Amino acid sequence: MNTRSARYRPQALFVGLATVDISYTVDAIPRRDQKISVPAQAVTAGGPSANAAATFAFLGGGAALVTAVGSHPLGAIIRSDLGRFGIVLHDLARQRKEPPPVSSILVLRGTGERTVVSANAAVFSPINAEFNPRWLKGVSIVQVDGHYMPLCLAAAQAARRRGIPVVLDSGSWKKGMAGLLPFIDIAICSDDYRPPGCSSAADVLRFLAARGIPQVAITRGAGPIRFLDHGESGEMPVREVRSVDTLGAGDIFHGAFCYYIAQPEQSFRQALGAAARVATFSCRYPGTRLWMEKF
């Protein structure tokens, strides 16, 4: 499979969470107080913004990431992995000595199901560094994930002033999101995303449209993507595959979407379809990077 473009290399800025991901494949989820051994582990950078940036860069774009990594030795894992993709890192926690957020992941062999425990952005909260508008130079699209919310808000506001489209990646309603939504142009949410007063995907579509967001999509794993495109709603089927690992599939979808929507004359629906194909392909392989070797 190869849907990469050799004609245009868009530039994107991703703002939000980066983690250290430690992943194990298991034959059964351990019981309480049980200790198990596994033959291998995978250690990479993770988090919604880091994985999206890696996907964007892999597909052929130029990516920069604004996040918090810090000076702890574990931060070298994030820097090394991002460096493989040529991602420019703007680390707003350079002087912080705490370890970066670490995610422990168990993937159930043969099912694609996974269990994740992560500290997320709470490790470095609050981050008081200011967003630098110079980071937007040459950028054609910005993605924010709602982690480090003041930073995401500042980035979205700065992008709006420059006429740069802002994409929201969100799997849950976060504190401060009501203030972020007015600066969002495209919202791509998971099926777990539930703003106040919403109890269904249809409610979410209406809620976001009422906040002035013209293009919204809700991903539902292997289920059809529900979308709203300038008032016209619909569903887009997702190709069925035998999933080996669904870890990071949503992040990969977001990175691929940003890449394709930034291509000249690419429509919202075309970008959704192309992103779905990439994310589905990634589920055929363990982890968040091995699929790139087979793509």
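The numbers here are math on the coordinates, done by the rules we state, and not lab data. If you're wondering where the values come from, they're calculated on a predicted model, not measured in any experiment. In this analysis, Cβ positions are derived from the backbone assuming ideal geometry, glycine residues included, and neighbour counts consider all displayed protein chains.
For this structure, a couple of remarks:
- Rg in Å to one decimal, and Dmax rounded to a whole Å, for the range 120-278 via C-alpha atoms: 15.4, 44
- Taking other C-beta atoms within 10 Å as the exposure proxy, ILE252, ILE36, ILE261 rank ILE36, ILE261, ILE252 from fewest upward.
- Length-normalised contact order for the range 124-249 - Cα pairs under 8 Å, 6+ apart - percent: 15 percent
- A value for Cα Rg over 2.2 N^0.38 Å was derived from the coordinates, and within the list [x] 1.15; [y] 0.95; [z] 1.02 it appears as [y].
- Spatial separation of Cα centroids for the range 20-68 and the range 97-113, in angstrom: 6 Å
- Summarised as an ellipsoid, the range 156-211 has semi-axes of 21, 11, 10 Å, derived from the eigenvalues of the Cα gyration tensor scaled by 5 and square-rooted, with the largest first.
- The listed peptides 80-90, 118-128, ordered by packing as a protection proxy, come out as 80-90, 118-128 (highest mean of other Cβ atoms within 10 Å first).
- Computed [θ] at 222 nm, helices only, for the chain once each DSSP H run of length n ≥ 4 contributes -39500 (n - 2.57): -8000 deg cm²/dmol
- Of all beta bridges that DSSP places with both ends in the chain, some 40 percent have antiparallel geometry.
- For the range 132-216, size of Cβ-based charge dipole, Lys and Arg +1, Asp and Glu -1, in debye: 460 debye
- Of GLY163, ASN132, MET149, farthest towards positive along the dipole that unit charges on Lys, Arg, Asp, Glu beta carbons give the range 83-187: ASN132
- Cross-link reach is defined here as a Cα-Cα straight distance under 14 Å, omitting same-chain residues fewer than 8 places apart; for LYS175 the aspartates and glutamates meeting it are ASP145.
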